[in-house]
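Below you'll find the structure, written out as structure tokens, and then a few comments.
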Amino acid sequence: MSPVESSKSAARADLDSVWVVIPLFNEAEVIAKVVSEVRTAFRNVVCVDDGSTDSSAALAQQAGATVLQHPMNLGQGASLQTGFEYVVSQTEASHVVTFDADGQHRVKDAVEMAELALRKRISVIYGSRFLDKRTKPGLKKRVVLQVAALMTRVFTGLRLTDAHNGLRVLSREALGKVRLEQNGMSHASEIVHQLAKSRLSWKEYPVEVLYTDYSKKKGQSLLNSINILIDLIVR
Amino acid sequence: MLSQWILVASFIFVGFYLLKARRGANQQAIRRLFIVIALVVGFLAVLFPRYTNVLAGLVGVGRGADLLLYMFVVFGLFYAVYQYRRQLWQEKVNTDLARALTLTQAKLDQALGESKKG
């Protein structure tokens, strides 16, 4: 085996200690493809099916994911928390990658982030679409996300450029500091809030978000940032 | 005017309750106290309607009917806020329950899978 190959397979072995958590709600159109792609790099994938009414759960399972099923729809934050608790209580994972089910993240970015976390022993890595020019969100989306990032900055003191990116890497230690109580979309700010308090090492990593017609349908509105703000204040 | 101070203080109290109330014996005591006071005041207002005018005069509100309206608004707001908090708490309980069920199911599936293999 050449040195390059052996270092590659060593990296692959490390990635076996990483679990990918995918919150899943009615994504039957794309979930099989997303899980298969993630599984080309990561052996361990857990989908938390949040009461989907389509065949998402079965498709994810066929594609090789472990599927946990909420008995009813609770929200994306609740799904992530369930995934985290599963990983901590029932696996030996060293790290978790959070990954969106709608196919807007690239597996390559997730691999690079996970390898960076393993190599440099960084506890938390946040994906950001605003660190380079690859991602082209529309003007409206850009405004929504910048407002969210600004709010996160005010509340946590963390200078993040992209507060609502579903692609993150968390070490097992970091998972111990997270307890998401915001079941809906406000969890993205809440997770940053809790991790900022823990004072663990963190980094932002440039990622590309792929805006397909499919993922565009599921974007957030500007008014929803008011909901997020209120969720964070009234708990 | 005295009534303005009382009303402002009431709204601040309701706002504080919205942000800070935690479930506990003290909170329950406050709520029960509110209900008892509301009952007694309502009772007296029905029996002695004239005195609502007197009381209104004392705190600087024009008529007794206005005083009752203000009190109704404060109590109504407090009730809405209380129900909102209760709903948040209920959601949290539901979530914890659903999550426990999900994780138990996962353990069960895994155990069954292993016993099939073995």
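Here are some notes:
- Amide N of the range B:25-60 lying under 15 Å from the label point, which is placed 7 angstrom from the Cα of residue B:1 along Cα→Cβ: B:53-60
- Rounded to the nearest 10 degrees, the angle from helix B:49-59 to the longest Cα principal axis of chain B is 90 degrees.
- Note on residue A:159 and residue A:92: the extension gain reaches 21.0 nm, defined as 0.36 nm multiplied by sequence separation minus the Cα-Cα distance.
- Accessible area (Å², per residue) of the range A:51-141, counting only protein heavy atoms and a probe of 1.4 Å: 42
- Protein heavy-atom surface of the range A:101-235, 1.4 angstrom probe: 55% of the accessible area is carbon and sulfur, with nucleic acids and ligands not counted.
- Local electrostatic count at residue B:100 - Lys and Arg +1, Asp and Glu -1, tallied over other residues with Cβ under 14 Å: +1
- Pairs of C-alpha atoms in chain A farther apart than 30 Å represent 19 percent of all such pairs.
- Surface composition of chain B: carbon plus sulfur atoms hold 70% of the accessible area, using a 1.4 angstrom probe and ignoring ligands, DNA and RNA.
- Beta bridges assigned by DSSP with both partners in the protein assembly as shown are antiparallel in approximately 25 percent of cases.
- Within chain B, longest stretch clear of exposed trypsin sites (Lys or Arg not before Pro) (DSSP loop, no more than 13 other Cβ within 10 Å): B:64-118
- Stretchable slack from residue A:214 to residue A:121, in nm (0.36 nm times residue separation minus alpha-carbon distance): 29.9 nm
- Backbone geometry of the range A:63-71 corresponds, through the Karplus equation with coefficients 6.51, -1.76 and 1.60 at θ = phi - 60°, to 3J(HN,Hα) couplings of 7, x, 8, 6, 10, 9, 10, 5, x Hz, x marking Gly and Pro.
- Set A:33/A:140; A:33/A:141; A:33/A:108; A:120/A:203 screened for pairs whose C-alpha atoms are more than 18 Å apart: A:33/A:140; A:33/A:141
- Interface A:B - total buried accessible surface [probe 1.4 Å, Å², rounded to 100]: 1500
- Expressed in units of 2.2 N^0.38 Å, where N is the residue count, the Cα radius of gyration of the range B:7-47 is 1.39.
The values are calculated or read from the model by the stated rules, or taken from the named source; none is laboratory data. Keep in mind it's a predicted model, so treat the numbers as computed, not measured. Glycine also receives a Cβ, built like all others from the backbone with ideal geometry; neighbour counts cover every protein chain displayed. Ligands, DNA and RNA are excluded from the accessible area calculation, which covers all protein heavy atoms including side chains. Shrake-Rupley method; radii C 1.70, N 1.55, O 1.52, S 1.80 Å.
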